1. Residues to consider are Val172, Val202; find the one that is without any contact (Cβ under 8 Å) to a residue 60 or more places away in the chain, of a type in the set (Val, Ile, Thr) and assigned to a strand (DSSP E or B).
2. Collect the residues in segment 146-163 that are of a type in the set (A, V, I, L, M, F, W, C) and either without any contact (Cβ under 8 Å) to a residue 40 or more places away in the chain or crowded, with 23+ Cβ neighbours inside 10 Å (or both), keeping them in residue-number order.
3. Suppose we filter Gly96, Gly79, Gly89 for residues that are at pLDDT below 60 and at positive phi; which single one remains?
4. Does Met166 satisfy the criteria of being of a type in the set (A, V, I, L, M), closer than 19 Å to Gln227 by Cβ and either crowded, with 18+ Cβ neighbours inside 10 Å or not assigned by TED's automatic domain parsing to the domain that holds Gly193 (or both)?
5. Please verify whether Met191 is of a type in the set (A, V, I, L, M, F, W, C) and assigned to a strand (DSSP E or B), treating the condition exactly as stated.
6. Would you please name the residue that is farthest from Leu187 (Cα to Cα), looking only at residues in segment 117-148 that are of a type in the set (Gly, Ala, Ser) and not in a strand (DSSP E or B)?
Amino acid sequence: MHDTFGLNDPDEREMAAGEYVLGTLDRDQRAEFEALLAVSPGLQHSVDAWREHLQLLNQQLEPVKPPSQLWSGIATRLGLKTGLLQRLGFWRAFSGLATAAALALALLTLAPKESGMMPGEYVFVINQPSGQTAWILNATLDGKMMVQAVSPDPMPEGKGGELWMMENGTPVSLGMLPTQGEATMQLPTKMLGLMKTADFAVSMEPSAGAPGGKPSGPVIDEGKLIQIRSNTVSL
């Protein structure tokens, strides 16, 4: 499983949707994917299509009864009582899982190696006015942020997107967003207590930063950080 999703590439988008349906994403990858899924009708369509394809495939499979010694070995490793899962039809489900595992293996073989997306407790999905996702911002509780360029619209020469956070009504620049790839930022210590409730915005500014440290161009998007996981809950 690759660690980031290149949603600009149709093949990468389909692969990510397939891995999501198969359940091969880890907790952080699933949270990142679902943040994108919530704002991307195209990605939602891909997920629905994968679910339909896999359901049709499962319906064509004949149940296969595994050797009895295989189940006893699994039960011993997991510390489970054999009778409970047998009553729940465990082995009927196991044959379907074996098929899903085979499909997952094929996806893993084809998946390219990419740099990992930084885990974080919060996310801000930055959209173009058209609704297309431009950047994904992941943030940790200690104020470390990683911004991934998804599909930002081309800007006039010498212009770029600048990220702002409101501090008691005053916009504070957090830096310029990448036109491609990823960039990291660090929230000032004095602003850590505000990050959960503060407003964030992205405006079009000169590539060197807004003159005088104040926003001057049109706003591309604005919003708040959305919590995607905590010590007890993970979406």
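The values are calculated or read from the model by the stated rules, or taken from the named source; none is laboratory data. Treat the numbers as computed from the prediction; the structure is a model and nothing was measured. Cβ: placed from backbone, ideal geometry, glycine included. Neighbour counts: every protein chain shown.
1. Working: Val202 fails: without any contact (Cβ under 8 Å) to a residue 60 or more places away in the chain.
So the residue among Val172, Val202 that is without any contact (Cβ under 8 Å) to a residue 60 or more places away in the chain, of a type in the set (Val, Ile, Thr) and assigned to a strand (DSSP E or B) is Val172.
2. In the first step, residues of segment 146-163 are kept if they are of a type in the set (A, V, I, L, M, F, W, C); the result is 146-147, 149-150, 155, 163.
Once the filter is applied, which keeps residues that are of a type in the set (A, V, I, L, M, F, W, C) and either without any contact (Cβ under 8 Å) to a residue 40 or more places away in the chain or crowded, with 23+ Cβ neighbours inside 10 Å (or both), segment 146-163 yields Met146, Val147, Ala149, Leu163.
3. Values: Gly96 fails: at positive phi; Gly79 fails: at pLDDT below 60.
Among Gly96, Gly79, Gly89, only Gly89 is at pLDDT below 60 and at positive phi.
4. Working: of a type in the set (A, V, I, L, M): yes; closer than 19 Å to Gln227 by Cβ: yes; either crowded, with 18+ Cβ neighbours inside 10 Å or not assigned by TED's automatic domain parsing to the domain that holds Gly193 (or both): no.
So Met166 fails the test.
5. On the way: of a type in the set (A, V, I, L, M, F, W, C): yes; assigned to a strand (DSSP E or B): no.
When the stated conditions are applied, Met191 does not pass them.
6. Kept after step one, since they are of a type in the set (Gly, Ala, Ser), are these residues of segment 117-148: 120, 130-131, 134, 139, 143.
Imposing the further condition that a residue be not in a strand (DSSP E or B) reduces the set to 120, 130-131, 143.
Details: Gly120: 14, Ser130: 29, Gly131: 27, Gly143: 5 Å.
Among those that are of a type in the set (Gly, Ala, Ser) and not in a strand (DSSP E or B), it is Ser130.
Listed here are the residues, each with its yes/no results for (1) among the basic types (Lys, Arg); (2) surrounded by 14 or more Cβ atoms within 10 Å (Cβ to Cβ); (3) at pLDDT 70 or above.
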| position | (1), (2), (3) |
| --- | --- |
| Asp3 | no, yes, no |
| Asn8 | no, no, no |
| Leu22 | no, yes, yes |
| Arg27 | yes, no, yes |
| Leu36 | no, yes, yes |
| His53 | no, no, no |
| Leu56 | no, no, no |
| Pro63 | no, no, no |
